[in-house]
Amino acid sequence: MFSKALFIGIDKYNSKSKKIKNLEGCVSDMYLMKETLTDVLGSLPKDTLALTNHRATTQNILDSLEHLVEELKPGEQVFMYYAGHGGQVPNVSRNEEDAEAYDQILVPHDFSKTEPLLDDILQTYFNRVPEGAKFIMILDSCHAGGMARALMFSMLIDGIQRKGWTSRSIGRISRTEYSPIELQKLGEYKQRYMIEKSKSHFILLAAAQPHELAWERFFGEEKHGIFTYHLHEILKEKKASLTPVNLINYAYSKIKTYRKNQMPRLIGNEALFNKPLFK
């Protein structure tokens, strides 16, 4: 059982630094996951927070992440679910330990291209999880498989837009879209989070690989992310005994039948991969 939980769903965007296309299935995804986990666990913790659309600002998300990990004790577990846009921004550090050309990001309602919600930021919260505690995160967004990096074990599952389909990506923001001053601000912002990365007690179930898009489509009359919807399907039937590997394999077995270029990814502490996720 979780001691704290955070659910985020963003369909509507209001960014001053980039025009962002609104989505349709993320808020419904968030409610679907809340309902599914309530059924699986019997109830959600009293300390459960939901952020949607205009409430899901950068600062509110950071404050909520801080609340999740503060005073976290061995034996406790916390949970975060995010459905919304993902994207990539230039990696302005580009050193030997951080050699990727682009950083993966989540996209809050008030996205700022000079102060984005970087993968490095999520890593700082993962690193604060103490021995014996667990941080479970599900991300249904484009490029989500790159939101945790470095010394963590990563398992990759083997494996033309159509009507009614929408990708959850704001795309790759290239260096040419930044002025020299904006690039400097982005570099200074990232430097605040450039800490030593270490193996931590967390599990991240990501909708797609770092280079891939995550898609939403109609299921009946309501749009959902295909990753979230298929997680819901198996959780509804198998309940809390499922392992992270069970969940990822089931989701991929469904997704690959109609979307071969979206492969979910499982990241985190390998020792937790074959243990029940919600026990």
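State whether the residues of segment 40-48 include one that is in contact with a Pro (Cβ under 8 Å, 6 or more places away or on another chain), within 19 Å of Phe278 (Cβ to Cβ), in a loop (DSSP other than H, G, I, E, B) and among the hydrophobic types (A, V, I, L, M, F, W, C). Before the answer, list the steps.
The first filter runs over segment 40-48 and keeps only residues in contact with a Pro (Cβ under 8 Å, 6 or more places away or on another chain), leaving none.
For segment 40-48, residues in contact with a Pro (Cβ under 8 Å, 6 or more places away or on another chain), within 19 Å of Phe278 (Cβ to Cβ), in a loop (DSSP other than H, G, I, E, B) and among the hydrophobic types (A, V, I, L, M, F, W, C): absent.
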Original post:
Does Ser200 qualify as being in contact with a Lys or Arg (Cβ under 9 Å, 6 or more places away or on another chain), at pLDDT below 80 and polar (S, T, N, Q)?
Top reply: yes
**OP:** Could you tell me whether segment 224-236 includes any residue that is surrounded by fewer than 19 Cβ atoms within 10 Å (Cβ to Cβ), out of contact with any Ser or Thr (no Cβ under 6 Å at 6 or more places or on another chain) and among the polar types (S, T, N, Q)?
**Re:** no
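Scan Leu139, Leu122 and give me the residue that is part of a helix (DSSP H, G or I) and either surrounded by 20 or more Cβ atoms within 10 Å (Cβ to Cβ) or not aliphatic (A, V, I, L, M) (or both).
Values: Leu139 fails: part of a helix (DSSP H, G or I).
Only one candidate passes the filter, namely Leu122.
Glu96 - would you say it is over 16 Å from Ile8 (Cα atoms), surrounded by fewer than 17 Cβ atoms within 10 Å (Cβ to Cβ) and either of a type outside the set (Val, Ile, Thr) or modelled with pLDDT of 95 or more (or both)? Let's see the steps before the verdict.
Details: over 16 Å from Ile8 (Cα atoms): yes; surrounded by fewer than 17 Cβ atoms within 10 Å (Cβ to Cβ): yes; either of a type outside the set (Val, Ile, Thr) or modelled with pLDDT of 95 or more (or both): yes.
The answer is yes for Glu96.
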Original post:
Before we move on, is Thr114 assigned to a helix (DSSP H, G or I) and among the polar types (S, T, N, Q)?
Top reply: no
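Every residue, every condition in (1) modelled with pLDDT of 95 or more; (2) part of a loop (DSSP other than H, G, I, E, B); (3) touching an Asp or Glu at 6+ places or on another chain (Cβ under 9 Å), yes or no:
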| site | (1), (2), (3) |
| --- | --- |
| Lys18 | no, yes, yes |
| Asn22 | no, yes, yes |
| Tyr31 | yes, no, no |
| His54 | yes, no, yes |
| Asn60 | yes, no, no |
Subject >> Pairs with Cβ under 7 Å, 6+ apart, first in segment 17-38 and within 16 Å of Gly220 (Cβ to Cβ), second of a type in the set (Asp, Glu) and not in a loop (DSSP other than H, G, I, E, B) >> reply: Glu24/Glu216; Gly25/Glu216; Ser28/Glu222; Asp29/Asp140
Original post:
What number goes with the only condition from (1) surrounded by fewer than 20 Cβ atoms within 10 Å (Cβ to Cβ); (2) in a helix (DSSP H, G or I); (3) in contact with a Phe, Trp or Tyr (Cβ under 8 Å, 6 or more places away or on another chain) that Asn246 does not pass?
Top reply: (3)
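Does segment 203-236 hold any residues that are closer than 30 Å to Tyr102 by Cα and either of a type in the set (D, E, K, R) or in a strand (DSSP E or B) (or both), and which are they?
Restricting attention to segment 203-236, the residues satisfying the condition of being closer than 30 Å to Tyr102 by Cα are 203-217, 223-231.
Listed by number, the residues that qualify are Ile203, Leu204, Leu205, Ala206, Glu212, Trp215, Glu216, Arg217, Lys223, His224, Gly225.
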Subject >> Lone unmet requirement of (1) surrounded by fewer than 19 Cβ atoms within 10 Å (Cβ to Cβ); (2) modelled with pLDDT of 90 or more; (3) part of a loop (DSSP other than H, G, I, E, B) for Lys279 >> reply: (2)
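More than 14 Å from the chain's Cα centre (by Cα) and of a type in the set (Asp, Glu), is that true of Glu216?
Working: more than 14 Å from the chain's Cα centre (by Cα): yes; of a type in the set (Asp, Glu): yes.
Taking the combined requirement at face value, the residue satisfies it.
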Original post:
Out of all the residues in segment 37-64, which are buried (at least 22 other Cβ atoms within 10 Å of the Cβ) and out of contact with any Gly (no Cβ under 9 Å at 6 or more places or on another chain)?
Top reply: Leu37, Ile61
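The values are calculated or read from the model by the stated rules, or taken from the named source; none is laboratory data. Computed from a predicted structure; not experimentally measured. All Cβ positions, glycine included, derive from the backbone under ideal geometry; neighbour counts span all protein chains shown.
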